[in-house]
Amino acid sequence: MRYTILDVDILEPLPAVELGPGSAGVAVLVRRRGIPVDFWMEEIAGPRTLRPEDVAKRIAAQAGQKLLAASIRDELGSEPAPARGPKVTVAVCTKDRPEGVARLLDSLELSRYACPALAHELELLVVDNAPSDERTRELCVERRSVVRYVREPKQGLNFARNRAVAEARGEFLAFVDDDVVVDRLWLDGFLAVWAAHPDAAAVTGQVLPLELETEAQILFERRGGFRRGFARVRYGPVVLGNSLYPGGVGIVGAGANMAFRVDALRELDGFDEALDTGAPMPGGGDLDIFYRVIRAGLPLVYEPRFLVFHQHRRELVALHRQYRRSWAFGFMVYMAKCLRTDPARRMDLIRLVGWWFSKKLWQLQKAVRGTYALPPSMVAGELVGGIVGLCGGYRRSQKRVERIRRRHA
Amino acid sequence: MTSAPAAPDGCVSGKKYRRRIVKPVTDAFRPWRLAHVDLADGIAEPFTDDVAGLFVVFWLREIPLGHLALPPGSAPRNLGQLKDHIANAVAPAVGYRMFGEAFRAPLPLRPHMSSPPPTLALEQLVGCTRPLETLGSASSGAPPEASTTVIVCTHDRPERLRTCLASLAAQDVPPMETIVVDNDPASGRTQPVVASFAGAHYVAEPRPGLSIARNTGLHRARGDIVAFTDDDVQVHRGWLRAIEHVFRDAELSAVTGLMLPTELETPAQLAFQLNGHGWGYRALTFDPEFFRKMSGIGAPVWRIGAGANMAFRRRVFEEVGLFDERLGAGAAGCSEDSELWYRLLATGKRIRYDPAAVVFHTHRETADELREQMYAYMKGHVAALLFQHQRHAHRGNLYRVFLELPAYYIRKTAARLLRGRVPFALPITAQLRGSFAGLWYYLLHRAEPAWTAPAPPKVDGP
């Protein structure tokens with residue numbers, strides 16, 4: 001039970017696709033001159049062979065309008081890409097996943113090669129967070145000509161991120177997770193956004209699946225995954241028609257692929273270490289930094305060309321835990337924090353919490369009836385996680401984090 | 001490894017926000033900037049003024065292709081950003097004009113009822129490297145030959161009427177005749193305005209009611225095509241040409257067009273504009289098939305167009321009857337136009353919405369006027385549904401009044417409680433009161449005839 005992922009460029013000859021007997025469908029990423037235009041999933045029972053004409057028909061049906069928009073954009077004329085970009089530090093915060101880091105570093109090399117405007121000053125930083133062995137350090141020592149290694153003993157993702165903020169030497173700091181592979185044109189995407197929005201304090205990117213081999217991965221991606229669309233969006237203080245924004249800031253991007261202006265991060269006092277701490281308190285850290293960037297009046301731009309591929313959790317149990325812990329619990333802890341620290345938006349935030357719970361209840365009743373993409377146990381888990389998070393989750397996390405700080409002082 | 005440098009000073013656990021906090025922009029409303037850009041002239045101005053919201057309409061010569069509505073804080077900073085927006089905004093209309101049905105707009109049908117559009121060959125899309133240039137070079141064909149009567153009904157709005165008539169006089173393709181029906185002749189302010197325009201005929205209709213005025217105009221009309229517009233509207237100079245062009249299809253009985261704003265200076269105007277039914281920039285045909293599919297829940301004829309921009313073949317009135325005088329401004333409040341479209345569809349006729357026929361409407365300025373308008377709109381809407389049921393015995397109309405509308409109000413109220421006030425939302429309470437008023441109006445007036453014999457023709461001014 002797997003989906004074959006196709007990555008095609010319409011300006012090149014389309015391939016024929018062999019779908020083996022275990023194949024349940026295809027996921028197609030369509031590009032135009034390397035730039036991603038659309039992504040969709042389609043159920044097709046294997047075994048089958050899709051001829052190039054079949055592929056062409058599906059692309060025309062799904063992505064026709066977006067392809068036309070890309071042609072029009074070209075016709076309207078673009079400024080040439082700048083010859084030199086800013087100095088960028090790419091930080092990988094990792095714990096006990098050297099294979100992931102190795103794979104990511106390989107993809108970063110490819111991307112650097114494809115983008116000379118940023119390549120010359122690019123800095124790669126690996127922040128090894130409370131590792132249990134030396135494998136990551138050894139890997140970085142092997143590659144020391146391209147990678148700088150730093151160890152952050154205080155366990156917690158946001159501790160590692162703040163370490164990167166302190167250590168970064170570039171003008172911009174990009175974070176990518178260790179279960180991610182960057183697209184060949186990832187750096188080009190960043191350059192394009194920087195050229196078009198030079199005042200952006202934060203840039204978020206598209207996150208597509210690296211593989212769709214297991215039921216958990218397919219389930220997650222069918223429900224939307226981390227996808228945020230294929231249009232570049234500049235986020236300001238208001239989104240027309242969305243009264244839950246900016247509390248519901250998750251729409252702007254995902255923490256697996258984000259970049260910031262370093263001085264903006266430092267002015268905002270970095271990441272909140274009581275959030276996104278890993279095992280006891282996963283999640284919420286990226287939401288919090290996006291929220292604070294927007295509430296400070298700084299522009300945030302979502303750019304689909306700034307693309308990475310994420311390896312989703314393979315097991316259903318792990319996915320279940322992620323829904324319950326990272327995204328429900330983590331989200332609610334972030335909400336609890338915002339309620340305490342942003343009195344100006346308190347009413348909106350309270351309403352957002354209410355809306356979230358009623359949405360979960362609605363999804364639960366759909367799941368019980370079998371008409372929702374997730375099983376009822378997962379939705380129930382989310383509800384439980386949300387309630388626990390809202391009831392003092394932030395304060396507990398702060399105490400825990402204070403203990404960690406004292407231990408390492 | 002050396003010891004790590006100190007973490008950024010006191011990370012924000014629990015700290016109150018010290019950064020300057022942006023005030024929500026809805027607190028201090030500023031008039032939005034409204035602009036029109038012709039893509040054939042190239043794009044020079046990036047509209048970087050970030051103080052107010054931005055509403056830009058994109059054209060290719062005479063054809064409107066799309067628009068952009070950006071709140072304050074989202075204005076483009078440079079040309080590149082603006083061009084990103086343009087490409088996304090105009091792609092649907094460009095696709096439809098170049099490739100036809102493969103890019104057609106969705107009809108307002110229930111999702112399971114619409115059939116997928118025909119697929120386009122990918123090579124055509126790929127080969128299309130300069131779509132705007134290709135579109136611009138397509139010729140519009142020979143100028144149509146038709147006789148059109150333009151009817152404007154007015155009620156004591158002489159200055160607005162003057163602007164309207166001036167725009168009519170500036171048409172590329174002038175109408176055969178222009179009739180101005182004065183629904184308040186006692187005021188004496190309309191006739192002098194009409195007299196100052198050479199081509200306009202003045203007709204007095206003392207019986208109050210927009211439908212009555214429209215019918216009076218109809219009785220005086222001589223053209224094969226009758227086009228209606230309102231006195232708070234200015235027409236685009238290609239309006240009539242576009243209408244006559246669409247009517248070349250002999251199977252069409254009626255045409256409606258696009259309505260754009262003249263200004264967006266107040267929150268009420270923005271609320272009206274942003275909550276419109278999203279009349280798109282792609283043409284749509286409403287035919288008996290559409291009517292049949294939607295008859296179970298009441299065909300949404302109110303989405304076909306606006307009474308300020310509609311045209312008919314004059315002979316259809318002889319087949320289906322005149323405007324229902326129990327509806328419309330001055331009577332039930334609204335919906336005399338949609339009720340007529342309902343009748344046309346119910347008798348097997350076809351209606352086409354074409355965005356190439358453009359008028360510019362000045363929306364109601366104050367919140368009170370908007371509330372009144374929403375009240376009148378819902379009152380007329382509910383009354384029209386009940387009159388439609390009375391005339392045709394289609395149960396879909398009852399479904400709409402007694403099931404779907406209440407569900408709509410419950411959903412809107414629940415959303416309002418849960419999600420809070422969305423900026424520029426339409427007033428719900430006024431709509432709700434209007435719905436009950438419409439029900440009551442129907443009960444009071446259902447025994448009256450739909451239209452009466454016209455008053456004897458008055459002598460025109462010199």
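Values in this text are rule-based calculations from the coordinates and carry no lab data. Everything quoted here is computed from the prediction, not taken from an experiment. Using ideal geometry, Cβ is built from the backbone for each residue, glycine included, and neighbour counts are taken over all protein chains shown.
Some points to look at:
- Charge dipole of chain A about the Cα centre (unit charges at C-beta), most positive-ward option of A:TRP356, A:VAL301, A:ALA61: A:TRP356
- Simple point charges give the picture: +1 on the Cβ of Lys and Arg, -1 on the Cβ of Asp and Glu, and for the stretch B:38-137 a dipole about the Cα centre of about 360 debye.
- Most to least packed among B:89-102, A:124-137, A:184-197 [average Cβ atoms within 10 Å]: A:184-197, B:89-102, A:124-137
- Shielding value for B:123-136 is 4, the average number of Cβ atoms from other chains within 10 Å of each residue's Cβ.
- The magnitude of the dipole of the protein assembly as shown, with charges of +1 and -1 set on the Cβ of Lys/Arg and Asp/Glu and taken from the Cα centre, is near 3160 debye.
- All distinct Cα pairs of the protein assembly as shown go into the 1/r average, and the inverse of that average, the Kirkwood radius, is 30.2 Å.
- Shielding value for A:353-362 is 2, the average number of Cβ atoms from other chains within 10 Å of each residue's Cβ.
- The stretch B:140-255 - charge dipole about Cα centre, Lys and Arg +1 at Cβ, Asp and Glu -1, debye rounded to 20: 200 debye
- Over the protein assembly as shown: helical MRE at 222 nm, DSSP H runs n ≥ 4 each giving -39500 (n - 2.57), nearest 500: -12000 deg cm²/dmol
- Note on the protein assembly as shown: antiparallel DSSP beta bridges, both residues inside, total approximately 40 percent of the bridges counted.
- Shape call, the stretch B:309-400: gyration tensor on alpha carbons, a/c limit 1.5: oblate
- Residue exposure sequence - A:ASP38, A:ASP263 - by fewest surrounding Cβ within 10 Å: A:ASP263, A:ASP38
- Selection of chymotrypsin sites (Phe, Trp or Tyr not before Pro), the stretch B:300-329, meeting DSSP coil and at most 13 other Cβ within 10 Å: none
- For peptides B:183-195, A:319-331, sequence by mean Cβ density within 10 Å, most packed first: A:319-331, B:183-195
- Per residue Cα convex hull volume in Å³ - calculated over the stretch B:219-265: 98 Å³
- Partner chain coverage, peptide A:266-273 - average Cβ within 10 angstrom: 5
- Residue among B:PHE55, A:VAL368, A:GLN217 farthest towards the positive dipole end of the protein assembly as shown, charges placed on Cβ: A:VAL368
- Prolate/oblate/rounded call for the stretch A:313-409, Cα gyration tensor, a/c under 1.5 rounded: oblate
- Taking all C-alpha pairs of chain A, those more than 39 Å from each other amount to 18 percent.
- Sites matching GluC sites (Glu not before Pro) across the stretch A:264-370 that sit in DSSP coil, with at most 14 neighbouring C-beta atoms within 10 Å: A:GLU315
- Charge dipole (the protein assembly as shown, unit charges on Cβ, about Cα centre) - positive-most of A:MET378, A:PRO15, A:LEU108: A:MET378
- In terms of its C-alpha gyration tensor, the stretch A:209-279 comes out oblate, because a/c is 1.5 or above while a/b does not outweigh b/c.
- The 3J(HN,Hα) values that the Karplus relation (6.51, -1.76, 1.60; θ = phi - 60°) gives for the stretch A:359-376 are, in residue order, 5, 5, 5, 4, 5, 5, 5, 5, 5, 4, 7, x, 9, 10, 5, 9, x, x Hz. Gly and Pro appear as x.
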